[in-house]
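Notes to accompany the following structure.
Taken together, the values in this text are just the output of simple stated rules run on the coordinates, not laboratory data. The shown structure was predicted, so the numbers you read here are calculated from the model rather than taken from an experiment. Please note: Cβ atoms are built from the backbone with ideal geometry, for glycine as well, and neighbour counts cover all protein chains shown.
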Amino acid sequence: MLTSLNLSFLNQLLLFYTVINISAFAIMLVDKIKSKKHGSGRISEGKLFFLATAFGALGVYVGMFVFRHKTRKWYFLIGIPLLIVQNIFLFYYFYLMY
């Protein structure tokens, strides 16, 4: 049974997860727009993977297909779904540890 303390922590965790994933989705849009313009400062693939590792994998993954961005890169097609699994396990771990 969830206590009010655990529920509060769960709500905070879900809010954090939602904000990170909406940000990741928006960053994929920004990088897609920048990819069409020559000479504009792009967001590095390393930063996109870091964002995905820091609980933003779902936002990056959805952004990949909505904006058709980075879908030809095998390491995004394999790596981001693996990071989604990692995000789910870490989310569950943080919930259990608190």
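Projecting the Cα atoms of Y92, S23, L13 onto the charge dipole of the chain (Cβ charges, centred on the Cα centre) puts S23 farthest toward the positive pole. The Cβ shell under 11 Å around S40 holds other residues with a net charge of +3, Lys and Arg each +1, Asp and Glu each -1. Fewest-first ordering of K70, K37 by other beta carbons within 10 Å of each residue's beta carbon gives K37, K70.
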